[in-house]
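Read-outs: derived from the displayed coordinates by stated rules, not from any lab. This one's a predicted model, so the numbers in the text were calculated from it and none came from an experiment. No Cβ is skipped: glycine too gets one built from the backbone with ideal geometry, and neighbour counts run over all protein chains shown.
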Amino acid sequence: MKSAVETLNPTRVRLTVEVPFEELKDSLDAAYKKINQQVTVKGFRKGKIPARVIDQRFGRGAVLEEAVNDALPKFYTEAVNEGELNVLGQPEVDITELKDGELLAFTAEVDVRPEIEIPDYSGIEVTVDALEVSDEDVEKAVEQLRERFASTNPVERAAAEGDVVTIDLQAKVDGEVLEDGVAEGVSYTIGSGELLDGIDAAVTGLEAGGEATFTSELKGGSAEGKEAEVTVKVATVAARELPELDDEFAQMASEFDTLDELKADSRKRLESTKQYDQATQAQERVLEELLKLAEVPIPEKLLADEVQTRKHNLEHHQLGQMGLTLDKYLEIQGKTAEEFDAETSEQAVKGIKTQFVLDEIVNKEKLNVNQEELTEHLMRRAASSGMSPDQFAQAVVEGGQVPMLVGEVARGKALAVVVEAAKVVDTNGELVELEDDEDVAEEAIETVEAAEGTTEAAESAEEKNEA
C-alpha cells in the first residue's frame, strides 16, 4: 500500500491511498464467505457455492463492493498511522479507481488536530477578589441560621409580609376551572416569591377565612404560560418568631456553647468558601488569558458537531427536565434564535480551544493520571449525576468513555500547572498564594469542565441512567 498526505488547511488533510489488488485477498475471501451464507443456489449446499458461480449468478461487482467496504477501514487506519496524523471525527472517503485484479485507489478527507505552539504562560497575571469577610457577612450568616430555627404561632389578625399562611387555590382559564388548577392546604410565606406572581399582594391584609382573586401567568401544569384567574382563600395566619441571639441559641443551633464561638466558626466557614471562590476565579481568569495567547485554528466540522451536541444537550436534557421547549426558553431569556446560535458557537469555540491547548500542555509537561486521581474524579462525577460510583463506572466503561475521564483529569492538572506559574494578585494588590492540594486540583478540573461544556463521558453515563 502507498499513501500520501496533502494538507488542505491547518485543520484538514486529504489522504491519497493506492492498494495493490493482491492486498485485498483477505477481504475478497471474506466477501465470498459472507455472500455464501446469505444466498442459495440450486445444486449447491449453503456455504459451499464456488466463487465462479457467485460471480456468474450475482456479479463480480457485488463481491468487489463487499470486499472494498470491508478493506477500507483497515487501509485508512494504516494510512493515518503512516502519516502520523491525529485525526478528528469520521473521514469523507471517495473511491477514485477500482480495477479488478490490479488496483484500488481512494482519497479520504478528514479533520486533524492542529499543531499548536504553546506560548510562554509564566508571564500571565490576573487579579481576583480579595479574601475579606466583614462583620456584616458574619451577621448575615448567623441571621440565616436563625431563620432556620424560627417558630410559627397562629395569630388572629390580618396577614403581613413574613407571615406563614395556609391557603387554598383555584385557577380558571377562560372561565373554566383547570383539572390541575386546584390545591388545598398550601403553606406559603408571604414575600418569599415561591408561588404565583401577584399572590403576595392578594393575601396581604386578609385574615383567616378571607378570600381574594387576582390574575397571574401560570408557571406550570396543563395551562403553563397562560393568564389565569386565581382565587385564593386564607385558612390560617401564623407569625414567625425568631429565637433570641444568645448563648442558648448557639447551643440549640450548633455544637458550640457560646454565640461568640458560633460567630467565629461562621467567619471561618465564610473564609473557606471565599478561598474556594478565589481559587476558582483565579483558574477561570488564568485560562482566559492563556487562550488569548494561543493561536488555535478550529476545524469547521468539529465546531459544527460541537454546536449541535450542545443544542441537543440543552433541549433534551436540561430543558426537557424542566418541561420547556427551546422557543419558550429563548422567550424567557429574552434572546433571539440568532443570538442563541452565536452564543452557542462562541462557547463551543472556547471549549474546543480549551481542550486543544491544555492537551498540548499535558504532552509538553508529560503529565500523567494515576488510578487514585481517576477514581476520585469518577466518584465526584457519579455524585453529580445522581448515580452510585459503581453504576457510573459501569456506564462509563460500557460507553468506552474512560479515556474521556482521563483527559478531563489530565487537562485539570495542566491548568493547575499554568495557574501555579501565573502571578495572581487580589484587588488590594496583595499576592495570592493558592494552596497546592487535592481540592485545588479538583477545582481546576471543574473549571476546565465548565469551559469545555458537558463531556461525552458524563452525557453517555447520564443517558444510560435515564434509560
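Computed values, structure above
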| read-out | value |
| --- | --- |
| Estimated FRET transfer efficiency when R0 is 30 angstrom, pair GLU97-ASN363 (beta carbons, to 0.05) | 0.20 |
| The range 2-112, relative contact order [Cα under 8 Å, separation at least 6], % | 38 |
| Approximate spin-label separation ALA160-LYS34, in nm, with each point projected 7 Å along Cα-to-Cβ | 8.2 |
| Restraint check, LYS311/LYS335; LYS274/LYS364; LYS301/LYS353; LYS268/LYS413, Cα-Cα greater than 24 Å | LYS274/LYS364; LYS268/LYS413 |
| Label-to-label distance, nm, for residues given as VAL425 and GLU184 (7 Å Cα→Cβ offset) | 6.8 |
| Residue exposure sequence - ARG310, ARG148 - by fewest surrounding Cβ within 10 Å | ARG148, ARG310 |
| Label zone at PHE149, where the point sits 7 Å out along the Cα-to-Cβ direction: the range 246-265 residues whose backbone N lies under 13 Å | 246-263 |
| Packing-based order for 116-127, 200-211, using average beta carbon neighbours within 10 Å, highest first | 200-211, 116-127 |
| Relative exposure of MET252, MET379, judged by other C-beta atoms within 10 Å (fewest first) | MET252, MET379 |
| For peptides 43-54, 131-142, sequence by mean Cβ density within 10 Å, most packed first | 131-142, 43-54 |
| In nm, spacing of pseudo-spin labels at MET322 and ARG240 (7 Å Cα→C-beta vector) | 2.5 |
| FRET efficiency, THR204 to GLU331 (Cβ-Cβ, R0 41 Å, nearest 0.05) | 0.85 |
| Total lysine pairs under 15 Å (Cα atoms) in the range 2-112, excluding pairs fewer than 8 apart on one chain | 9 |
| Computed [θ] at 222 nm, deg cm²/dmol, the chain (DSSP H ≥ 4; -39,500 (n - 2.57); rounded to nearest 500) | -16000 deg cm²/dmol |
| Dipole of the chain [Lys/Arg +1, Asp/Glu -1 at C-beta], most positive-end residue of GLN394, VAL128, LEU85 | LEU85 |
| Relative contact order (%) - the chain, alpha-carbon pairs under 8 angstrom, separation at least six | 15 |
| Paramagnetic reach from ASP260 in the range 113-145 [backbone N under 19 Å; point 7 Å along Cα→Cβ] | 135-136, 138-139, 142 |
| Computed E for LYS226/ASP341 - FRET, C-beta separation, R0 30 angstrom, nearest 0.05 | 0.55 |
| The range 250-368: C-alpha gyration tensor shape, a/c 1.5 cut-off, then a/b vs b/c | oblate |
| Set of the range 9-35 residues, backbone N closer than 15 Å to the point 7 Å along the Cα-Cβ line of THR77 | 27 |
| Peptides ranked, highest mean first, by Cβ atoms within 10 Å: ranges 364-371, 230-237 | 230-237, 364-371 |
| Structure-derived volume of the Cα convex hull per residue in Å³ - corresponding label in [x] 206; [y] 251; [z] 260 | [y] |
